[in-house]
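A.B. asks: To start, I am sharing the structure in question, which I have written as structure tokens.
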Amino acid sequence: MAGNIKKVGYATYPSVKLQSMETDAKTGKTKFTFIKELLFGDFMSPYIEDGAYVTKTVTSGKKTDEYVKVHCRNADGWIKRSEMQFDRPLEVNFIDVGQGDGCHIVTPDDKHFLIDAGKSDNMYRFLKWRFNLRSPKNVAPPFTVVISHSDTDHYLGFGTIFAKSKEKEPQIQIKKVYHNGMIEGAGASLGTDIKYNGKTYVTDLCDTDADYQERIKHVKAGTYINMLKKTDAPKIGLRKGSEPLYDKNGLKMEVMGPVAEEIDGKAALPSFGDTGKTKNGHSVVVKLTIGHLRLLAGGDLNTESEYHLIKAYSGVDIAALKKELEGKKLSEEDRKKKEAEIEKAVLAARESLEVDIAKSCHHGSADFSSEFLQVLNPIATIISSGDEEPHCHPRPDTLGTIGKYSRGKRSLIFSTELARSGKEFLELKDMDISAQKKKERVVTVYGMINVRTDGEKVVIAQKLESAAKGRNWDLHKLEWNEKLGQFEYISDKES
């Protein structure tokens, strides 16, 4: 066994019970006490002595198991030897950043990505907890950052992450910052507006760091640019046709949008109305593929931009077809033909955009197209939203339509906001009303939606607010069915 000793292991699918172990000296019987539940892929350090794992063999009835002592999630305990693996799965964490988006990705070879960071410091506090940055001796791994677009509830949280520490160096190292090409200045300027064939486009996109540096010389800096200036990492624009963000070891992170057009030799992004709709609609869209699993993160896409994406991947202008269908002069035969064209476009776009897990665009806003949901055809949808916002996200019609156009008999909808509900009552006796603190934060790690996968098996988990017997997590499993050629939801039928 000495030749197979490794200092790092990972919990096996779908989860593992970490337990303490006591053996009665008189009876020889072993008693186990539950410590915590470890998720698929949780990092662990096995104890090693004299070149071998610290193990115990336990016989119960006719069954004999070998247990290994490990340290995991700040606790020591024992797990079955068969419950430790050495291949790390993909980890995608949808952080509860309140109202906004924030996603942390860890690749199987331990590369770290952040897609958006919310509006407040919740993402920073998550990273501080994750990498124990309370100690100045600890350093987080380098991060590649993707800012989907310049809405504050997607980028402002990076201000804290990019900030330098008292030692004049950032505690979190940033390798690159990717964006959608539109560097918004004060006054909501996204670039140079031009007219072409009666339509408005934004051009002079910032593809390279040199483009970015040139733009900030000539535009008044607003909140977005001031945030970007906090890091010296190169700023690079992304759009359909860009090189994948990552393409190694069976994991690919493709850039599916925004989709630009070429006008007078320059890349240009069509306007979708006002500045807000345009920058939302041209969010960076990233598709992750590992094994059979596909996952999409689409920023704040809206109805117009979803039609724009479908056209780019199918060649069909669904928006124009729907407008024609609104006309009252169409014959029944023509109506059926146009509806058939829409269905054909949906199927064509699915070849590129269909996924198994989708991050709901724009926090569950009502500004979406049912055709785009049909294109995505997910088995699971994750919504990132927060309390104390004036939009009532996720919207009831959005939830209903996601369920209608999701795949499988028991499709799944997760929400960071619902996963982290507050207590029904606060006990006044527990509150120090004389305290000087003006507010107390209630957003915690309980709202995070965890996705772990090796491309064949998937765990989607949210932490239980009150631990159940032998469980800390609400687990949902997807497994690849080779005969069906798709993932299936595996229900444990737990209440």
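A.B. asks: Show the residue pairs that are 6+ apart or on different chains and have beta-carbon atoms under 6 Å apart, the first residue being within region 204-215 and in contact (Cβ under 8 Å) with a residue 24 or more places away in the chain and hydrophobic (A, V, I, L, M, F, W, C), the second being part of a helix (DSSP H, G or I) and surrounded by 15 or more Cβ atoms within 10 Å (Cβ to Cβ).
C.D. replies: Cys206/Tyr212; Cys206/Arg215
A.B. asks: What are the residues in region 80-110 that are closer than 30 Å to Leu156 by Cβ, out of contact with any helix residue (DSSP H, G or I) (no Cβ under 8 Å at 6 or more places or on another chain), touching a residue at least 60 places away in the same chain (Cβ under 8 Å) and outside any strand (DSSP E or B), if any?
C.D. replies: Correct list: Thr107 only.
A.B. asks: Still on this structure, I have one more. List every residue pair whose Cβ atoms lie under 6 Å apart, where the two residues are 6 or more positions apart in sequence or sit on different chains, the first residue falls within region 310-325 and is assigned to a helix (DSSP H, G or I), and the second residue, located anywhere, is surrounded by fewer than 18 Cβ atoms within 10 Å (Cβ to Cβ) and of a type in the set (Gly, Ala, Ser).
C.D. replies: Tyr313/Ser352; Ser314/Ala348
A.B. asks: Here is a check on your reading of the model: is Arg73 open to solvent by 40 Å² or more (accessible area, probe 1.4 Å), modelled with pLDDT of 95 or more and not aromatic (Phe, Trp, Tyr)?
C.D. replies: So Arg73 does not fit the description; no.
A.B. asks: Determine which member of the set Val54, Val68, Val92, Val106 is buried (at least 19 other Cβ atoms within 10 Å of the Cβ), touching a Lys or Arg at 6+ places or on another chain (Cβ under 6 Å) and either polar (S, T, N, Q) or modelled with pLDDT of 95 or more (or both).
C.D. replies: Only one candidate qualifies: Val68.
A.B. asks: Same structure again: Please state which one of Lys17, Lys69, Lys56 is closer than 30 Å to Ala358 by Cα, in a strand (DSSP E or B) and not β-branched (Val, Ile, Thr). Give the derivation first.
C.D. replies: Working: Lys69 fails: closer than 30 Å to Ala358 by Cα; Lys56 fails: closer than 30 Å to Ala358 by Cα.
Answer to the selection: Lys17.
A.B. asks: Right, next: Right, Glu243: acidic (Asp, Glu), within 30 Å of Ala163 (Cα to Cα) and in a strand (DSSP E or B) or not?
C.D. replies: no
A.B. asks: Give the residues of region 119-154 that are of a type in the set (Val, Ile, Thr) and either open to solvent by 10 Å² or more (accessible area, probe 1.4 Å) or part of a loop (DSSP other than H, G, I, E, B) (or both), sorted by residue number.
C.D. replies: Within region 119-154, Val139, Thr144, Ile147, Thr152 qualify.
A.B. asks: Every residue in region 366-383 that is of a type in the set (S, T, N, Q) and under 14 Å from Val458 (Cα atoms), please. Steps first, please.
C.D. replies: Just the residues of region 366-383 that are of a type in the set (S, T, N, Q), to begin with: 369-370, 374, 377, 381.
Once the filter is applied, which keeps residues that are of a type in the set (S, T, N, Q) and under 14 Å from Val458 (Cα atoms), region 366-383 yields only Thr381.
A.B. asks: Against the conditions (1) closer than 15 Å to Val146 by Cα; (2) not in a loop (DSSP other than H, G, I, E, B), where does Asp207 fall short? Just the number, please.
C.D. replies: Failed condition: (2).
A.B. asks: So which residues in region 1-53 are touching a residue at least 40 places away in the same chain (Cβ under 8 Å) and of a type in the set (Gly, Ala, Ser)?
C.D. replies: Listed by number, the residues that qualify are Ala2, Gly9, Ala11, Ser15, Ser20, Gly41, Gly51, Ala52.
A.B. asks: While we're on this one: I need every pair where a residue in region 459-477 that is in a strand (DSSP E or B) has its Cβ under 7 Å from the Cβ of a residue that is β-branched (Val, Ile, Thr) and buried (at least 20 other Cβ atoms within 10 Å of the Cβ), sequence separation at least 6 or different chains.
C.D. replies: Listed by first residue and then by second, the contacts come to Ile460/Ile449; Ile460/Val451; Gln462/Ile449; Leu475/Val459; His476/Ile460; Lys477/Val458; Lys477/Val459.
The values are calculated or read from the model by the stated rules, or taken from the named source; none is laboratory data. The model shown is predicted, which means the values in this text are computed figures rather than measured ones. No Cβ is skipped: glycine too gets one built from the backbone with ideal geometry, and neighbour counts run over all protein chains shown. Ligands, DNA and RNA are excluded from the accessible area calculation, which covers all protein heavy atoms including side chains. Shrake-Rupley method; radii C 1.70, N 1.55, O 1.52, S 1.80 Å.
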